[in-house]
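K.L.:
Right, I'll just put the structure down here and ask away after.
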Amino acid sequence: MKLNSLGLETNKAKDIAGDLNNLLANFQTYYQNLRGIHWNIKGKNFFDLHVKFEELYTDANMKVDALAERILTLGETPLHTFEDYINTAKVPVGKNISKDEDAVQLIVNSLSELLQIEREILDKSGDANDEGTSSMMSDFISEQEKTVWMMNAWLGESN
């Protein structure tokens, strides 16, 4: 068993970095969705949602950077082209969404996909004793679960 400079098994770190790249591609799609609905939202909820969507895309942008830096820390190269993101991501793409309910539902659907990926990474990073990645995933999951709850409350739905 070969260890990297972080004390992690090299093959496990490489595998986790691959999963983080998958998450990165999905986050980039989510981020772009948020930008689009921020720009295009219309209706009586415009003022509240416009501000909320900006808050969410600012947070997503910070998470994208953190993911890329974690991938680099693990010794791999983060995905960084739109081609890679399109070919990798499973988060639904929102195009020309301007209605409030459709925009909020897109956020819920996107976060649900991200949460699945993050939970898989959390399990794998725990097995690899990769506390840095585990901590990051735990933080992401906690924040996003709360956002899903709030968005579902706004939609008048329960989890």
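K.L.:
Would segment 62-159 count as rounded, prolate or oblate if I go by the C-alpha gyration tensor, calling it rounded below 1.5 in a/c and otherwise prolate when a/b exceeds b/c, oblate otherwise?
P.N.:
Taking the square roots of the gyration eigenvalues as a ≥ b ≥ c, segment 62-159 is oblate.
K.L.:
Going by average Cβ density within 10 Å per residue, which order do the peptides 18-28, 132-142, 2-12 take, highest to lowest?
P.N.:
Averaged packing, sorted descending, gives the order 18-28, 132-142, 2-12.
K.L.:
Taking the simple approach of a point 7 Å from Cα along Cα-to-Cβ for both Lys146 and Asp48, what is their distance in nm?
P.N.:
Those two pseudo-labels are separated by 1.9 nm.
K.L.:
Right, something else. Using just the helices of the chain, give the 222 nm mean residue ellipticity in deg cm²/dmol: DSSP H runs with n ≥ 4 each add -39,500 (n - 2.57), and the total is spread over all residues, rounded to 500.
P.N.:
The per-residue figure over the chain is -26500 deg cm²/dmol.
K.L.:
Within straight cross-link reach of Lys42, meaning Cα distance under 17 Å, which aspartates and glutamates are found once same-chain residues fewer than 8 apart are removed?
P.N.:
List returned: Glu54, Asp100, Glu101, Asp102.
K.L.:
Expressed in nm to one decimal, what extension gain is obtained for the pair His80 and Glu101 from 0.36 nm per residue of sequence separation less their Cα-Cα distance?
P.N.:
Length gained, His80 through Glu101: 4.5 nm.
K.L.:
Counting heavy atoms of the protein chains only and a 1.4 Å probe, report the per residue accessible area for segment 1-150 as a whole number of Å².
P.N.:
With all protein chains present, segment 1-150 gives 55 Å² per residue.
K.L.:
Turning to a different aspect of this structure: Once the piece of chain linking Asp123 and Glu69 is laid out straight, how much longer is it, given 0.36 nm per residue of separation minus the C-alpha distance between them?
P.N.:
Length gained, Asp123 through Glu69: 17.4 nm.
K.L.:
What's the carbon and sulfur percent of the chain's accessible surface, probe 1.4 angstrom, rounded to a whole number?
P.N.:
The computed percentage sits at 50.
K.L.:
Describe numerically, in nm with one decimal, the distance between label points set 7 Å from Cα along Cα→Cβ at Ser138 and at Lys14.
P.N.:
Distance between the two pseudo-spin positions: 2.9 nm.
K.L.:
Could you give the nm distance between label points at Val93 and Ala153, where each point is 7 Å from its Cα heading toward the beta carbon?
P.N.:
With each label placed 7 Å out from Cα toward Cβ, I get 3.4 nm.
The values are calculated or read from the model by the stated rules, or taken from the named source; none is laboratory data. No experiment lies behind these values; they were computed from the predicted model shown. Neighbour counts are summed over all protein chains in view; Cβ atoms, including those assigned to glycine, are modelled from backbone coordinates with ideal geometry. The area values use the complete protein model at the heavy-atom level, side chains included, leaving out ligands, DNA and RNA. Shrake-Rupley method; radii C 1.70, N 1.55, O 1.52, S 1.80 Å.
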